[in-house]
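Structure first, commentary second.
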Amino acid sequence: MPASTTTTTAPAVLSAKALLLDMDGTIVNSDAVVERCWRDWAVSHGLDPEEALKVVHGRQGYATMAVLLPDRPMEVNLAENAEMLARETADTDGVVPVAGAPAFMAAIGGLPHALVTSADAALATARMTAAALPMPRVRVTAESVGASKPDPEGFLKGAAALGVEPADCIVFEDSAAGIAAGRAAGMRVIGVGPRAAAHGPTVHVPDLTFLDVTAGPDGSIHVTLRTERPDAPAR
């Protein structure tokens, strides 16, 4: 069953055996590239770019195209998705880490974690490199799955690769599709950033500066949620 949803202020600490990380919007801010590429695509197909941008985040490109042009043959979507991936991979202008991501990635470096992204391997490498973030050893990219988020396949494969039960994983996500995928996998979801709050994550943080990650003596991982930024002025 999907993980239950709570208010954004509780619990203060989540414990797990592994962490599963989305990339775009969660640890890497690639919004500038995504919006440039998808605005152009939407206009070229006679679509409202603002409406298109409401559904692009979190999905593989072909799945986004299928939502926006439901009557179009899938082979056309797949072909255009390949072109889109090539363009996005070549364009890293404005790709930066999400606030707190460098410290977060350093904190989890020795802990069980995996990247679970709708990007393919080339795009994931390009964006993680542009954001100067370490690439997780375990990663599930577009080539690894048969179904795009919101299907839970990617997160279930990430858990299996780490040898951890789904219920013992915490997902970090920013998009409606990604949050739905994590919940469908039976995992708790920490929603990161402004897009996440409206889509029912277990808890929500504005960015990764609001999290502390520590390891327990039994190998467990404890994620503590702050109510303020660590550098917030005293009241």
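Okay, here's what the table says:
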quantity	calculated
Residues (assigned to a loop (DSSP other than H, G, I, E, B) and modelled with pLDDT under 90) located in the stretch 40-89	His57, Gly58, Arg59, Gln60
Members of the stretch 39-54 found to be buried (at least 18 other Cβ atoms within 10 Å of the Cβ) and either farther than 23 Å from His199 by Cβ or touching a residue at least 40 places away in the same chain (Cβ under 8 Å) (or both), listed by number	Trp41
Count - residues of the stretch 184-199 that are surrounded by fewer than 20 Cβ atoms within 10 Å (Cβ to Cβ) and either in contact with a Leu (Cβ under 8 Å, 6 or more places away or on another chain) or modelled with pLDDT of 95 or more (or both)	2
Scope the stretch 165-203; condition in a loop (DSSP other than H, G, I, E, B) and over 21 Å from Asp31 (Cα atoms); matching residues	Glu165, Ala185, Gly186, Met187, Gly200, Thr202
The stretch 61-100: number of residues that are open to solvent by less than 60 Å² (accessible area, probe 1.4 Å), over 25 Å from Glu153 (Cα atoms) and small (Gly, Ala, Ser)	3
Number of the exception - Asp168 against (1) surrounded by 13 or more Cβ atoms within 10 Å (Cβ to Cβ); (2) of a type in the set (Asp, Glu); (3) free of Cβ contacts under 8 Å to residues at least 40 places away in the same chain	(3)
Search result, residues across the stretch 73-85 that are of a type outside the set (Asp, Glu), under 17 Å from Arg39 (Cβ atoms) and out of contact with any Leu (no Cβ under 7 Å at 6 or more places or on another chain)	Asn81, Met84
Scan of the stretch 215-233 for residues that are open to solvent by less than 70 Å² (accessible area, probe 1.4 Å) and in contact (Cβ under 8 Å) with a residue 24 or more places away in the chain, ordered by number	Ala215, Gly216, Gly219, Ser220, Ile221, His222, Val223, Thr224, Leu225
Any pair with Cβ under 6 angstrom, 6 or more apart, that starts in the stretch 15-30 at a residue that is open to solvent by 10 Å² or more (accessible area, probe 1.4 Å) and modelled with pLDDT of 95 or more and ends at one that is in a strand (DSSP E or B) and not acidic (Asp, Glu)	Ser15/His222; Asn29/Val96
Matching entry among Leu162, Leu111 (being over 30 Å from Pro230 (Cα atoms) and open to solvent by 20 Å² or more (accessible area, probe 1.4 Å))	Leu162
Among (1) closer than 24 Å to Phe155 by Cα; (2) crowded, with 20+ Cβ neighbours inside 10 Å; (3) among the hydrophobic types (A, V, I, L, M, F, W, C) - the single one Ala106 does not satisfy	(2)
Cβ-Cβ under 9 Å pairs, at least 6 apart or on other chains, the stretch 62-80 side more than 15 Å from Ser44 (Cα to Cα) and of a type in the set (Val, Ile, Thr), far side in a loop (DSSP other than H, G, I, E, B) and open to solvent by 40 Å² or more (accessible area, probe 1.4 Å)	Val67/Arg59
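The values are calculated or read from the model by the stated rules, or taken from the named source; none is laboratory data. Computed from a prediction, not measured in an experiment: that's the story for all the values here. Every residue, glycine as well, gets a Cβ built from its backbone with ideal geometry; the counts of neighbours run over all protein chains shown. Ligands, DNA and RNA are stripped out before the accessible areas are found, and what is left, the full protein with its side chains, is counted by its heavy atoms. Shrake-Rupley method; radii C 1.70, N 1.55, O 1.52, S 1.80 Å.
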